[in-house]
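A quick write-up on the structure given underneath.
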């Protein structure tokens, strides 16, 4: 299957509008700030295209600079990866999202719809998705750090707001149950997976993501409150597994 640039099957390259890491550039003199910016931008494109098995010597070659020059700015690969995390993930995070999710003057359906429409606009990008997946497979820490951020600032707040909307005790009285957090992860993961399908599997996804978000939120709110009530009533919990050992028959008293 060809990608946006018409490449051969099995090779996913940067789409049009995203700078590829492949061509080697001619060396040119830059101010330190501009050189650092060039390295960071090049690293984002490089890791998104080839993953974290790619070496810094290859990156330096593609940037048209020496390995030693790259090390002047980032003495270790870990330091460069940390900067990529700040650039791609923290740099695109909007504090306004957290404020919106917590604003109880707005109906929860409207809050979730507005949030996920804005969130998908931020993450629905070649570099964001592919670096995230490569990092998770390689265990370089980007994915784990970001998911901890999402759980603390999106998933758990979403579960708390659902609890309030459902009319159940506030989390100050009854802490969130693991199953409640999983409900929130379900909605989040469903919408995130659209980006994985597009930028990892090269599958077609709907052009109208706003409608997809609205449908997902409405469906979530149609079922999650009822499930949460039943969970608190205890009717959804699986029965405790029975012991595999059979009870011994009672011994008869000797006559």
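The values are calculated or read from the model by the stated rules, or taken from the named source; none is laboratory data. Just so you know, these numbers come straight off a predicted model, no measurement behind them. Virtual Cβ from ideal backbone geometry, glycine too; neighbours counted across all protein chains shown.
Can you tell me which of 2, 14, 9 is over 30 Å from residue 152 (Cα atoms), at pLDDT below 95 and crowded, with 17+ Cβ neighbours inside 10 Å?
From the options 2, 14, 9, the qualifying one is 14.
Restricted to region 74-115, and to residues that are under 19 Å from the mean Cα position of the chain (by Cα) and part of a loop (DSSP other than H, G, I, E, B), which residue is farthest from residue 56 (Cα to Cα)?
Step by step, filter region 74-115, then rank; the result is 94.
Among the numbered conditions (1) modelled with pLDDT of 90 or more; (2) over 18 Å from residue 200 (Cβ atoms), tell me where residue 25 comes up short.
With (1) modelled with pLDDT of 90 or more; (2) over 18 Å from residue 200 (Cβ atoms) applied to residue 25, the lone miss is (1).
I'm trying to understand the selection: among the residues of region 164-203, which are in contact with a helix residue (DSSP H, G or I) (Cβ under 7 Å, 6 or more places away or on another chain) and more than 30 Å from residue 125 (Cβ to Cβ)?
Once the filter is applied, which keeps residues that are in contact with a helix residue (DSSP H, G or I) (Cβ under 7 Å, 6 or more places away or on another chain) and more than 30 Å from residue 125 (Cβ to Cβ), region 164-203 yields 165, 166, 168, 170, 171, 176, 177, 179, 180.
Name the residue, out of 136, 186, that is over 25 Å from residue 110 (Cα atoms) and surrounded by fewer than 17 Cβ atoms within 10 Å (Cβ to Cβ).
When all the criteria are applied, what remains is 136.
Consider residue 118 carefully, then state whether it is assigned by TED's automatic domain parsing to the domain that holds residue 214, touching a helix residue (DSSP H, G or I) at 6+ places or on another chain (Cβ under 6 Å), closer than 27 Å to residue 200 by Cα and not in a loop (DSSP other than H, G, I, E, B).
no
Looking at residue 147, is it surrounded by 19 or more Cβ atoms within 10 Å (Cβ to Cβ), modelled with pLDDT of 95 or more and within 11 Å of the chain's Cα centre (by Cα)?
No; evaluated as a whole, the condition is false for this residue.
Restricting attention to region 37-52, report how many residues are under 20 Å from residue 201 (Cβ atoms) and either free of Cβ contacts under 8 Å to residues at least 40 places away in the same chain or outside any helix (DSSP H, G or I) (or both).
Residues that pass the stated criteria total 3.
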